[in-house]
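Everything on this sheet refers to the single structure shown next.
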Amino acid sequence: MSNAAKGAFWMIAAAGALTAMAVCIRYLPAYSVLLMIFLRNVINLILMAPSILRQGTDVIKTQRLGTHALRNLFLYSGNVAWFYGVTLIALADVASLQFTSPLFTAIIAAAFLGERIGGHRMVAILVGFAGALIIIRPGIIPINLGTVMILIAAFLYSCAHVVTKRLSDTESGTTVVFYMSVTILIYSAIPAFFVWQIPTWADMPAMIGLGITGYATHYCITRSLAMGDASFVIGFDFMRLPFSLILGWLLFREILDFWTCAGALIIFAAGYYSTVREAKKTG
């Protein structure tokens with residue numbers, strides 16, 4: 001398997017984990033998103049403890065603490081926007097709105113990492129973005145606060161993806177996720193204090209699920225970005241759409257419509273075309 005194909009695989013895995021996290025958020029309507037983000041990172045650190053003990057101090061060694069802090073500031077801000085948006089709009093809408101992220105990422109990566117965006121890759125990104133617009137249908141479907149929050153989250157996550165690509169040159173996936181958990185725990189502690197409430201036993205499975213899926217999402221994204229260009233692999237976040245369509249309908253009876261399905265097909269076709277071309281180039 002080429003590095004490009006491996007990068008695509010890890011991004012698809014991240015899409016599945018992130019969709020599962022959105023489901024967990026939906027099952028915790030009684031809690032503030034600020035508290036959920038804090039508790040998710042507490043659980044992340046608990047889950048990471050065996051790995052940290054096994055690997056020793058190598059996990060925490062870094063010469064790039066400032067870069068970690070910047071990445072995780074983008075992530076925490078994006079988390080707040082994304083968690084809040086998930087509580088307001090359908091899962092499929094959340095996924096489709098975040099298809100603006102590849103366009104943001106490509107532009108930021110070109111500006112700050114010097115990545116070249118070839119014609120075929122740009123066409124694939126733009127076609128995928130057009131597919132998302134078919135789903136969103138601006139001017140036809142009212143844009144509410146949830147829509148705005150998810151768009152803000154998409155931009156902030158794109159900034160974090162580009163910083164992650166830079167970190168992956170020297171940092172292991174475990175180190176990146178470790179500093180993500182510690183830094184966001186610090187960022188989120190004070191806001192969580194003001195909305196604190198003790199989770200009930202009935203809600204503990206969903207809370208633990210937040211930690212598990214959060215850890216898996218960021219680890220998979222880190223591995224993906226280490227394998228391929230940020231502007232390429234981020235396009236495979238499109239798999240979150242069919243995942244969201246299926247779970248949204250099964251769990252929350254969110255209705256599928258023709259335009260959503262048509263947009264999903266266009267995005268899938270663009271991603272598949274981009275994967276085949278990239279694999280041929282690097283294979």
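Taking all protein chains together and rolling a 1.4 Å probe, residue 58 ends up with roughly 90 Å² accessible. Label point 7 Å out from residue 251 along Cα-to-Cβ: which residues of region 42-59 have amide N under 19 Å? Within reach of a label on residue 251: 43-44.
In the full protein context, the chain carries 45 Å² of accessible surface per residue, based on a 1.4 Å probe and ignoring ligands, DNA and RNA. Taking all protein chains together and rolling a 1.4 Å probe, residue 172 ends up with roughly 60 Å² accessible. Report the relative contact order of the chain, percent, no decimals, based on alpha-carbon pairs under 8 angstrom and at least 6 residues apart. Dividing the mean separation by the residue count of the chain yields 43 percent. Per-residue SASA remark: residue 6, around 70 Å² accessible (1.4 Å probe; ligands, DNA and RNA not included). Computed packing ranks the peptides 69-77, 221-229, 202-210 as 221-229, 69-77, 202-210, most packed first, by mean other Cβ atoms within 10 Å.
Over region 1-103, with every protein chain in place, what whole percent of the accessible area is carbon and sulfur at 1.4 Å, could you tell me? The computed percentage sits at 69. Among 83-90, 249-256, the peptide with the highest mean count of other Cβ atoms within 10 Å heads the list, and the full ranking is 83-90, 249-256. Counting only whole DSSP H helices of the chain, the ones at least 18 Å long by C-alpha along their axis and with mean Kyte-Doolittle hydropathy no lower than 0.0 are 3-26, 33-55, 65-86, 119-136, 145-167, 173-193, 204-227, 258-282. Annotation for region 163-225 versus region 10-50: alpha-carbon center distance of 7 Å.
The values are calculated or read from the model by the stated rules, or taken from the named source; none is laboratory data. Remember, it's a predicted structure, so these values are computed and weren't measured experimentally. No Cβ is skipped: glycine too gets one built from the backbone with ideal geometry, and neighbour counts run over all protein chains shown. These accessible areas exclude ligands, DNA and RNA; they are computed on the full protein's heavy atoms, side chains included. Shrake-Rupley method; radii C 1.70, N 1.55, O 1.52, S 1.80 Å.
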